[in-house]
Amino acid sequence: MTGLFESQAPRPLADRLRPRALDEVVGQGHLLAPEGPIGRMVRSGRLASLILWGPPGCGKTTIARLLAAETDLEFEPLSAVFSGVADLRKVFERAKQRRLAGRGTLLFVDEIHRFNRAQQDGFLPFVEDGTVVLVGATTENPSFELNPALLSRSQVMVLKRLDEAALRELLARAEAAEGRDLPLTAEARQALMAMADGDGRYLLNLAEEVFALESGPGGEGSWKAGDKLDTAALAEVVQKRAPVYDKGQESHYNLISALHKSLRGSDCDAALYWFARMLAGGEDPHYIARRLVRFAVEDVGLADPSALTQAVAAWQAFERIGSPEGELALAQAVIYLATAPKSNAAYKAFGAARRAARDSGSLAPPAHILNAPTKLMSELGYGKGYAYDHDTPEGFSGQDYFPEDMPRQSFYQPVERGFERDVRKRLEYWEKLRFQASGAGKDRMGR
């Protein structure tokens, strides 16, 4: 009776449409096509251990199941969320017995990055001796989440977020399975795909919701049964998918990197887009504000000294008025920083000065710039020969302030952009006076 009830239980649309062969999987042709890396393995009949890395709903679990079928391996699924060492031992024991009988095992581990380092090490002997072919699925960057030893024994396959063509194909299959078209206008159909955000499973779940609405007794909101839903009605009856964004994992760093590099590249529109994406994903605006301040001093610097003022003011404005009003202040800072002249001269100068300070040890300042509050210090030459710059005709004495045993260094090289163009001229003028005073050597600009 249990089997009867199970067979009659309704199956979700996404499960009913699960591909039955690798050539039915959409959006991953770069891996599964006959000349793709997985396609070649299947044709040769030799399957290596794999790590399938990709976003949710791109087909990782389905591909693993089909690989087991295509290569005549027993499929052993495990979820790292719900399984522990005891479960792994049972799987490995079954795989050993199966191997003695001449049959191989494909061990599929979903969310493999959730196993700790010790648990990951436990796979190694069974992968090495061929007891199991390991196929791990992860949404996180394997370079950060998996042991190097496990990675060295596996091939990482990068699955793509489903593009519009793949999503259209899934909707066509859903309509064929249901025997009817989705009650959507062309614009609403496009919006439904946008809501899925590249997740095929989520798209089919949304489609199932829409089909259920059409089969229901009435309508919801501004929509009535029998009508086609427009974008506004669609938004009323289905739930929009939150953007994929994990504030503690790789997507966090990917998006802040995208924002930083867009600012550096003076692409104002792209910078605003990544800023908005981070907010939509739930990022803490204080974190973004801190990174904007960092950008102002690292990549704009003295090419526009007001950049730091703008970034700090935007941060303070956000702290005072909060979200969402304060986010406009951060957006203004994004625009200002993107459109400001760029220079990393101060950033590079500080790095060079720190390296010189580290390498030069404890060299003392030159005696002529040391104060001499005691007779002994005067006798030792402290302060002797010091020229008070304000008493010179140019307000610049040209004296050397580096340690006596250290040649002059040139750390700061201003660029010919923004305010630094004026700074460069000023430094060149002072270097000319210093050069004239010394009567020898090259100036700080290398001339």
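Is there a residue being farther than 30 Å from Ala303 by Cβ, touching a Gly at 6+ places or on another chain (Cβ under 9 Å) and in a loop (DSSP other than H, G, I, E, B) anywhere in the range 393-412? Full working, then the answer.
Residues of the range 393-412 farther than 30 Å from Ala303 by Cβ: 393, 403-405.
Filter again for touching a Gly at 6+ places or on another chain (Cβ under 9 Å), leaving none.
Checked the range 393-412: no residue is farther than 30 Å from Ala303 by Cβ, touching a Gly at 6+ places or on another chain (Cβ under 9 Å) and in a loop (DSSP other than H, G, I, E, B).
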*How many of the residues in the range 303-329 are open to solvent by 70 Å² or more (accessible area, probe 1.4 Å) and in contact (Cβ under 8 Å) with a residue 40 or more places away in the chain?*
0
*Answer residue from the range 125-146, given it is open to solvent by 10 Å² or more (accessible area, probe 1.4 Å) and not in a helix (DSSP H, G or I) and is nearest to Val91 (Cα to Cα) among those*: Val133
*Looking at (1) surrounded by fewer than 15 Cβ atoms within 10 Å (Cβ to Cβ); (2) modelled with pLDDT of 85 or more; (3) more than 29 Å from Ala303 (Cβ to Cβ); (4) of a type outside the set (S, T, N, Q), which is the only condition Asp422 fails?*
(3)
_The one condition in (1) under 19 Å from Leu52 (Cβ atoms); (2) open to solvent by 30 Å² or more (accessible area, probe 1.4 Å) that Gln190 fails to fulfil_ = (1)
_Take the residues in the range 1-14 that are more than 31 Å from the chain's Cα centre (by Cα) and modelled with pLDDT of 85 or more; name whichever of them is surrounded by the fewest Cβ atoms within 10 Å (Cβ to Cβ)._
Pro12
*Across the range 161-187, what is the number of residues that are under 19 Å from Gly27 (Cα atoms), in a loop (DSSP other than H, G, I, E, B) and open to solvent by 70 Å² or more (accessible area, probe 1.4 Å)?*
2
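If you check Ala118, Ala86, which single one turns out to be at pLDDT below 90, open to solvent by less than 70 Å² (accessible area, probe 1.4 Å) and either assigned to a loop (DSSP other than H, G, I, E, B) or of a type in the set (Gly, Ala, Ser) (or both)?
Values: Ala118 fails: open to solvent by less than 70 Å² (accessible area, probe 1.4 Å).
Exactly one residue qualifies, and that residue is Ala86.
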_Restricting to the range 362-376, name every residue that is open to solvent by 50 Å² or more (accessible area, probe 1.4 Å) and either assigned to a helix (DSSP H, G or I) or among the acidic types (Asp, Glu) (or both)._
Ile369, Lys375, Leu376
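Is there a residue being under 24 Å from Asp163 (Cβ atoms), open to solvent by less than 50 Å² (accessible area, probe 1.4 Å) and over 30 Å from the mean Cα position of the chain (by Cα) anywhere in the range 42-53?
Filtering the range 42-53 down to residues under 24 Å from Asp163 (Cβ atoms) leaves 42, 50-53.
Among the residues that remain, those that are also open to solvent by less than 50 Å² (accessible area, probe 1.4 Å) are: 42, 50-52.
Subsequent filtering for residues that are over 30 Å from the mean Cα position of the chain (by Cα) retains 42.
Scanning the range 42-53 turns up at least one residue that is under 24 Å from Asp163 (Cβ atoms), open to solvent by less than 50 Å² (accessible area, probe 1.4 Å) and over 30 Å from the mean Cα position of the chain (by Cα).
The values are calculated or read from the model by the stated rules, or taken from the named source; none is laboratory data. Note that the coordinates shown come from a computational prediction; the quantities given were computed from them, not determined experimentally. Here the Cβ is made from the backbone with ideal geometry for all residues, glycine too, and neighbour counts use every protein chain on show. Surface areas here come from the heavy atoms of the whole protein model, side chains and all, with no ligands, DNA or RNA. Shrake-Rupley method; radii C 1.70, N 1.55, O 1.52, S 1.80 Å.
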